[in-house]
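Shown next, in structure tokens, is the structure this report addresses.
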2 protein chains.
Amino acid sequence: MKPTVTIEYCPKCGWMMRAAYMAQELLTTFTDDIYGVTLHPSEISGRYSVFIDEDIIFDRKKESRFPEIKELKQLVRDRVNPEKNLGHSDKK
Amino acid sequence: MKPTVTIEYCPKCGWMMRAAYMAQELLTTFTDDIYGVTLHPSEISGRYSVFIDEDIIFDRKKESRFPEIKELKQLVRDRVNPEKNLGHSDKK
């Protein structure tokens, strides 16, 4: 079974569209590498966390910021397909 | 555990944005009723199917069309919160 990415977001904070945008970026880049992306409205206020299966790979509370999309793709790539070249998203 | 809606779509057909749009409609309407919506790129060409947990509630091949959003909300509502009033999406 391919890994599932979950984006847990705070709906009351108005972060659904941000989460849906990031989901589409990941689905476009990792179409064949992942099972899919789950958008999960959080019951916890201020939450914006990204998981691969059960493992958290980004947490807004810990980082005090949202992930950049390039960074998020690198984090996902490193877990699901480390050999994959992300093109311009691979430069620092 | 609240139910998960899965939208399985054919990425080669260019249906990702359609699936992401429908996901956001469902997440807006059913924020507290569902665990989330999973966007799942299909390996089967032409597939556009919607599931609640393991149960299929809409299949493009069977219906020979895409679901209307009002119809999709009614199908989800009937499974996850039958008492819920969908407002203008409840009229035929």
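The values are calculated or read from the model by the stated rules, or taken from the named source; none is laboratory data. Just so it is clear, the model here is predicted, and its values are computed rather than measured. Here Cβ is always computed from backbone atoms with ideal geometry, including for glycine, and neighbour counts include all displayed protein chains. Keep in mind that these areas ignore ligands, DNA and RNA; they rest on the heavy atoms of the full protein, side chains included. Shrake-Rupley method; radii C 1.70, N 1.55, O 1.52, S 1.80 Å.
Brief remarks on what is shown
- Solvent-accessible area per residue, Å², over the protein assembly as shown with all protein chains present [probe radius 1.4 Å]: 54 Å²
- Estimated vicinal HN-Hα couplings, Hz - region A:15-24 in sequence order (Karplus 6.51, -1.76, 1.60; Gly, Pro = x): 9, 4, 5, 4, 5, 5, 4, 5, 4, 5
- Length-normalised contact order of region B:4-86 in % [C-alpha pairs under 8 Å, at least 6 apart]: 32 percent
- Karplus (6.51, -1.76, 1.60) ³J(HN,Hα), θ = phi - 60°, over region B:47-60, in Hz, Gly and Pro reported as x: 7, 8, 10, 10, 10, 10, 6, 8, 8, 7, 10, 8, 9, 4
- Annotation for residue B:2, label-to-label distances across the other copies: 2.6 nm (shortest first, one decimal, point 7 Å from Cα along Cα→Cβ).
- Exposure check, 1.4 Å probe, all protein chains in place: residue B:57 carries approximately 20 Å² of accessible surface.
- Paired Rg and Dmax values of the protein assembly as shown, which use every Cα atom, in angstrom: 16.5, 53
- Annotation for residue B:28, label-to-label distances across the other copies: 2.1 nm (shortest first, one decimal, point 7 Å from Cα along Cα→Cβ).
- Of the residues B:40, A:88, the one with the largest accessible area comes first in the ranking A:88, B:40, computed with a 1.4 Å probe on protein heavy atoms.
- Inter-copy label distances for residue B:83: 5.5 nm (label point placed 7 Å from Cα along Cα→Cβ; shortest first).
- Estimated purely from DSSP H runs of n ≥ 4, each contributing -39500 (n - 2.57), the mean residue ellipticity at 222 nm for chain B is -9500 deg cm²/dmol once divided by its residues.
- Distance (nanometres) between label positions extended 7 Å along Cα→Cβ at residue B:88 and residue B:53: 3.4 nm
- Chain pair B, A: total accessible area buried, heavy atoms, 1.4 Å probe, Å²: 1600 Å²
- In Å, descending, principal axis extents of the Cα set of chain B: 37, 31, 21
- Shielded by partner chains, region A:31-67 residues - at least 40 Å² of accessible area, 1.4 Å probe, vs chain alone: A:31, A:35, A:38, A:39, A:40, A:41
- Where B:32, A:55 fall by accessible area, highest first, once all protein chains stay in place (1.4 Å): B:32, A:55
- Take every DSSP beta bridge whose two residues both sit in the protein assembly as shown; close to 65 percent of them are antiparallel.
- Shown are B:18, A:60, whose ranking by accessible area with a 1.4 Å probe and every protein chain present, most to least, is B:18, A:60.
- Measuring from the axis that maps chain A onto chain B, the chain A residue with the nearest beta carbon and its rounded distance in angstrom come out as A:38, 2.
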